[in-house]
Amino acid sequence: MEDCLGSDEEYYYSDQDSLDVIENEDSDLPWILPKGPTTKVITKESLLTAQKEDLRRVMDLLFLREHHARTLLIHHRWDVEKLFAVYVEKGKSWLFAEAGVTVVDHQDLDPSPPNSPVMCAICMEDVPSNETTKMDCGHCFCNSCWTEHFVVKINEGQSKRIRCMAHKCNAICDEAVVRNLVSKRHPQLAEKFDRFLLESYIEDNKRVKWCPSTPHCGNAIRVEDDQFCEIECSCGLQFCFSCLLQAHSPCSCLMWELWAKKCRDESETVNWITVHTKPCPKCHKPVEKNGGCNLVSCICGQAFCWLCGGATGRDHTWSSIAGHSCGRYKEDKEKNAERAKRDLYRYMHYHNRYKAHTDSFKLESNLKESIQKKVSISEENDSNLRDFSWVNNGLSRLFRSRRVLSYSYPFAFYMFGEELFKDEMTEEEREIKQNLFEDQQQQLEENVEKLSKFLESPFDQYNENEVMDVRMQVINLSAITDTLCQKMYDCIETDLLGSLQLGIHNIAPYKSKGIEKASELPVSWVNNANNADKGPALHCGTSGGSTELEQPSGFGSSDESGCSSRKRARKDGLGGGFDLNLPAEVDRSDS
């Protein structure tokens, strides 16, 4: 196991090197320059654009209409790479059949006259051919039966993949036909259908999730690569993309969920009661001993022995209770009490340190304004020192390192406890790994406290030489803490979690410049180009039932009863905002 530790001297940087590390973070050096933003904020305006990007890729590769491309993507949960992999591995025919896509032209060579009667196989009625519709699969039924079928499926929540009515036909109905027929009788239901299609990009897409802000900011976040990452939305909320809870690395999602529950519920209160009280044998209420005598009395009047909990009379001496003896040793009972006491003290150890660093982070955040005032005073002084960017750089490094240090204690609580990894490590391996991690943790803690001390110093009252000394200390300590944070993450990913057989504990990678802020997806409408790929639906007779274009239209608000989803978060009452649960192209002026 590679040692991830080192002395302070190993992390000491020369003055010039430190200045290069901190002050030139935005330089063109390739090892400092980060990759471009890999996360995007999807707003109401850019939702259709995001959809169009993926639709265009599939349409261009497979030469499909937008309706068929959308059907394929919904079937594969908008995973374009997976769709392409299936296409390469199993071929186009299998890909289409599995998703219910039919692209064979079933246009009648000798269409019937517009008013010629056609029998509908569903209602068994003769209807004019211009009142029927034929789907891509070739099945033709009257518009009335199609409409009732669509209405039932939309109300059942199946509007994203409505199958043909024909027996054992798996073909997905053309969304333009659905929209056209339903809107004639149920305009509001057609609006709901359009919104379901639009929101499918978020609801069914594993790379896209709603921002968990409260109240909801109306944004969704799309990641391009690793789903185990931490993101900052444009609304300012930082969260874990995997579990949608607050950013918590180096804790895994499961560790943080267990820790948050442990801190939130009364489990530790129960542990304290178990350790420090005994239940009354009569009323069963917990009783705390407040004296030296082993005969205690409950408020209900029952006397009992503190040693064994058995009910007794009140006659006793300092050495014994009349008519009672409990000198026989009961091993299981003593073990349970000792274990509860040990678990409580262990939890208190980690929780106290976690809370101490969390409180320090909050206090240091509040000090930001006062430190900025010091910088302003120092810049106004008649001195050769004019650049105080090292203060802001050091402050940012302090916040990031303090956050890492804070969440390292819940990680250690579960990593080296018996709740999650009891059978994954021997006692000897656990001890070695715990010592390795705690040495790193201690070294990071020492340097973070030093950095905090120098940043809080009254450097606005110092002379020029003293300010230069504080400056070099802050720059060096900033570089040291950054290196130690990186090494701690490497140790966790490689030596601790990487050696486990269970692969369910993944953590977001460490980023020296902090949690990545998602950039907004640019809006670029490509409607006209897409419309050229669309064609009218096929009809049993003439084109009397020609459909509208496939672009969602006729949007409006509808009831929430048909929009239930575990991923959706609504935004209510925010002035000047919007809700992604409403379609993107709603035109308020026409309503």
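The values are calculated or read from the model by the stated rules, or taken from the named source; none is laboratory data. Please read these numbers as outputs of a predicted model, since none were measured by experiment. We place every Cβ from the backbone using ideal geometry, glycine too, and count neighbours over all the protein chains shown. Accessible surface areas use protein heavy atoms only, side chains included; no ligands, DNA or RNA. Shrake-Rupley method; radii C 1.70, N 1.55, O 1.52, S 1.80 Å.
Looking at (1) outside any helix (DSSP H, G or I); (2) open to solvent by less than 60 Å² (accessible area, probe 1.4 Å); (3) at pLDDT below 80, which is the only condition residue 296 fails?
Against the list (1) outside any helix (DSSP H, G or I); (2) open to solvent by less than 60 Å² (accessible area, probe 1.4 Å); (3) at pLDDT below 80, residue 296 comes up short only on (3).
Within the stretch 80-129, restricting attention to residues that are among the acidic types (Asp, Glu) and closer than 19 Å to residue 172 by Cα, which residue is modelled with the lowest pLDDT?
105
Are there any pairs, at least 6 apart or on different chains, whose C-beta atoms fall under 6 Å, with the first in the stretch 476-495 and in contact (Cβ under 8 Å) with a residue 60 or more places away in the chain and the second of a type in the set (Gly, Ala, Ser) and not in a helix (DSSP H, G or I), and if so, which?
From the stretch 476-495, the pairs are 482/512.
Could you go through the stretch 178-195 and let me know if any residue there is open to solvent by 20 Å² or more (accessible area, probe 1.4 Å), β-branched (Val, Ile, Thr) and either more than 25 Å from residue 53 (Cα to Cα) or touching a residue at least 40 places away in the same chain (Cβ under 8 Å) (or both).
No, there is no match, as no residue in the stretch 178-195 is open to solvent by 20 Å² or more (accessible area, probe 1.4 Å), β-branched (Val, Ile, Thr) and either more than 25 Å from residue 53 (Cα to Cα) or touching a residue at least 40 places away in the same chain (Cβ under 8 Å) (or both).
Within the stretch 180-209, take every residue that is touching a helix residue (DSSP H, G or I) at 6+ places or on another chain (Cβ under 6 Å) and among the polar types (S, T, N, Q) and give me the one that is farthest from residue 158 (Cα to Cα).
Within the stretch 180-209, the match that is farthest from residue 158 (Cα to Cα) is 183.
On the basis of being more than 29 Å from the chain's Cα centre (by Cα), of a type outside the set (Gly, Ala, Ser) and more than 30 Å from residue 470 (Cβ to Cβ), does residue 429 make the cut?
So residue 429 fits the description; yes.
Please verify whether residue 457 is surrounded by fewer than 20 Cβ atoms within 10 Å (Cβ to Cβ), at pLDDT below 90 and over 21 Å from the mean Cα position of the chain (by Cα), treating the condition exactly as stated.
Taking the combined requirement at face value, the residue satisfies it.
Has the stretch 407-424 got any residue that is touching a Gly at 6+ places or on another chain (Cβ under 6 Å) and either surrounded by 19 or more Cβ atoms within 10 Å (Cβ to Cβ) or not in a loop (DSSP other than H, G, I, E, B) (or both)?
No; the residues of the stretch 407-424 include none that is touching a Gly at 6+ places or on another chain (Cβ under 6 Å) and either surrounded by 19 or more Cβ atoms within 10 Å (Cβ to Cβ) or not in a loop (DSSP other than H, G, I, E, B) (or both).
Assuming residue 282 fulfils every condition listed in (1) over 30 Å from residue 40 (Cβ atoms); (2) open to solvent by less than 40 Å² (accessible area, probe 1.4 Å); (3) without any contact (Cβ under 8 Å) to a residue 60 or more places away in the chain apart from one, which condition is it?
Unmet for residue 282, out of (1) over 30 Å from residue 40 (Cβ atoms); (2) open to solvent by less than 40 Å² (accessible area, probe 1.4 Å); (3) without any contact (Cβ under 8 Å) to a residue 60 or more places away in the chain: (2).
Counting only residues that are assigned to a loop (DSSP other than H, G, I, E, B), more than 18 Å from residue 511 (Cβ to Cβ) and open to solvent by 30 Å² or more (accessible area, probe 1.4 Å), how many does the stretch 196-233 have?
Within the stretch 196-233, residues that are assigned to a loop (DSSP other than H, G, I, E, B), more than 18 Å from residue 511 (Cβ to Cβ) and open to solvent by 30 Å² or more (accessible area, probe 1.4 Å) number 5.
Collect the residues in the stretch 65-94 that are in contact (Cβ under 8 Å) with a residue 24 or more places away in the chain and assigned to a helix (DSSP H, G or I), keeping them in residue-number order.
66, 67, 68, 70, 71, 72, 74, 75, 80, 83, 87, 92 - these are the residues of the stretch 65-94 that are in contact (Cβ under 8 Å) with a residue 24 or more places away in the chain and assigned to a helix (DSSP H, G or I).
Output the residue which, of all residues in the stretch 130-143 that are of a type outside the set (A, V, I, L, M, F, W, C) and either part of a strand (DSSP E or B) or closer than 15 Å to residue 173 by Cα (or both), is farthest from the chain's Cα centre (by Cα).
The selected residue is 132.
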